[in-house]
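One structure below.
Every read-out reported here was derived from the displayed coordinates using simple, explicitly stated rules and does not represent laboratory data. Not measured: the values here are computed from a predicted model. Don't worry about glycine lacking a Cβ; one is built from the backbone with ideal geometry, like all the others, and counts go over all protein chains shown.
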Amino acid sequence: MLAELGIAFTVKTADVEEPAPDPGEGPAGYAMRMATIKGRPVAEKCSKAIVIAADTVVALPDAILGKPGDEAHALKMLTDLTGANPGETTTHE
């Protein structure tokens, strides 16, 4: 979106460990918490910049899916997402 508006930007990533969702935490809350966890160290390093941090979470009705550990886990996640009860994808910035 920023490029389409002609706004120059730089992508910076934070090398942070992603904690598991807290008990009872929903996808939107987890995505917001992860965006904060990932954005904070970038903002500290780039104190004069405007930092936009975001995270995307994929969830089934009863579970937030994390990053797959291997190819077999990724295949299981994709299989689970193709079931009768569709999952949810949430991005928060």
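Points worth noting:
- Other residues lying with their Cβ under 14 Å from the Cβ of Pro19 contribute a combined charge of -1, Lys and Arg counting +1, Asp and Glu -1.
- Mean residue ellipticity (222 nm) of the chain, computed from DSSP H runs ≥ 4 via -39,500 (n - 2.57), nearest 500: -10500 deg cm²/dmol
- Using a simple spin-label model with pseudo-atoms 7 Å out from Cα toward Cβ, Ala20 and Val51 lie 2.7 nm apart.
- Against the chain, whose longest principal axis comes from its Cα atoms, helix 27-45 is set at around 30 degrees.
- Helix 71-81 and the long axis of the chain differ in direction by around 80°, with both axes built from C-alpha atoms.
- For Lys38, the lysines whose Cα comes closer than 18 Å to its Cα, not counting residues fewer than 8 places off in the same chain, are Lys12, Lys48, Lys67.
- Electrostatic dipole magnitude of the chain [Cβ: Lys, Arg +1; Asp, Glu -1; Cα centre; debye, to 20]: 420
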